[in-house]
Amino acid sequence: MKLDKEPDLALEDDAPDLSQPPWPDMLATVPVRSGAHPLLRRVEGRFFRSVPASRLDNILDPPDPKSAGRYHRPGESILYTSATFESAVAAISGYMSQDGMPRMMVPLRISEAFVLDQHDEEACKVFGIERDLSNEPWQAALAEGREPASWRNADIARASGADGIIDRSRKMPGAWHLNLFY
């Protein structure tokens, strides 16, 4: 797939402004679908996914079954996205310097996902999430033969019925990432 011009990165008229963190009112806690916990946040709008250029035809495919990431074990499906183009670039910059693979940013429209927001201290307390554990280096834990602490937080979010988990950016203060389980 070849793009003849820069993609339009403007938000659609009816989409919320997702360039700012989701507090206090932007992504209000709302009563959600049957069975969903009321402390899950409803999220929708435009997000950005970084994909290797070789996978542009498969941007929604799950990770390789042998791969692991901050919020998934080998064999688990997850879709890592970022709220802004800039935060997506920051999130993958370290991986790009490690593997040198060319990547593309793909805008995605997410509609009505109910997620555990790690900015929400009350929700984290209720669910038993230790949100600072998500900031620990997950690759170092694997290299040491330990389970990354962020996997426990993802397990709790999955068990709560959440569609995903909001991750606080470690590289850009105020930035955030939406990671969807599927």
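The values are calculated or read from the model by the stated rules, or taken from the named source; none is laboratory data. Remember, predicted model here, so these are calculated numbers, not experimental data. A quick note on method: Cβ atoms are made from the backbone with ideal geometry, for glycine too, and the neighbour counts reach across all protein chains shown.
Candidates in region 68-87 are the residues that are of a type in the set (S, T, N, Q) and in a loop (DSSP other than H, G, I, E, B); of these, the one that is surrounded by the fewest Cβ atoms within 10 Å (Cβ to Cβ) is 77. Just one residue in the set 167, 132, 155 is acidic (Asp, Glu) and farther than 16 Å from residue 72 by Cα; that residue is 132. Entry remark, region 122-138: residues being over 24 Å from residue 37 (Cβ atoms) and either in contact with a strand residue (DSSP E or B) (Cβ under 9 Å, 6 or more places away or on another chain) or of a type in the set (Lys, Arg) (or both) number 1 in total. Which residues, taken from region 126-144, are part of a loop (DSSP other than H, G, I, E, B) and not charged (D, E, K, R)? Passing the criteria: 128, 129, 137. Every residue in region 88-139 that is charged (D, E, K, R), surrounded by 13 or more Cβ atoms within 10 Å (Cβ to Cβ) and either farther than 16 Å from residue 168 by Cα or touching a residue at least 40 places away in the same chain (Cβ under 8 Å) (or both), please. Scanning region 88-139 gives 103, 117, 120.
Give the residue that is farthest from the chain's Cα centre (by Cα), with candidates limited to residues of region 58-99 that are among the aromatic types (Phe, Trp, Tyr) and more than 19 Å from residue 163 (Cβ to Cβ). Taking the candidates together, the pick is 95.
Which of (1) surrounded by 15 or more Cβ atoms within 10 Å (Cβ to Cβ); (2) modelled with pLDDT of 70 or more is the odd one out, the single condition residue 65 does not satisfy? (1) is the only condition that residue 65 fails.
One residue stands out in region 157-177 among those that are assigned to a strand (DSSP E or B) and in contact with an Asp or Glu (Cβ under 9 Å, 6 or more places away or on another chain): the one that is surrounded by the fewest Cβ atoms within 10 Å (Cβ to Cβ), namely 176.
If you go through region 145-156 and keep only what is of a type outside the set (S, T, N, Q) and either buried (at least 23 other Cβ atoms within 10 Å of the Cβ) or assigned to a loop (DSSP other than H, G, I, E, B) (or both), you end up with 145, 146, 147, 148, 154. Can you report the number of residues in region 48-67 which are over 20 Å from residue 102 (Cα atoms) and of a type outside the set (Lys, Arg)? The total comes to 1. Applying the criterion of being more than 8 Å from the chain's Cα centre (by Cα) and not hydrophobic (A, V, I, L, M, F, W, C) to the residues of region 165-180, the residue that is nearest to residue 115 (Cα to Cα) is 168.
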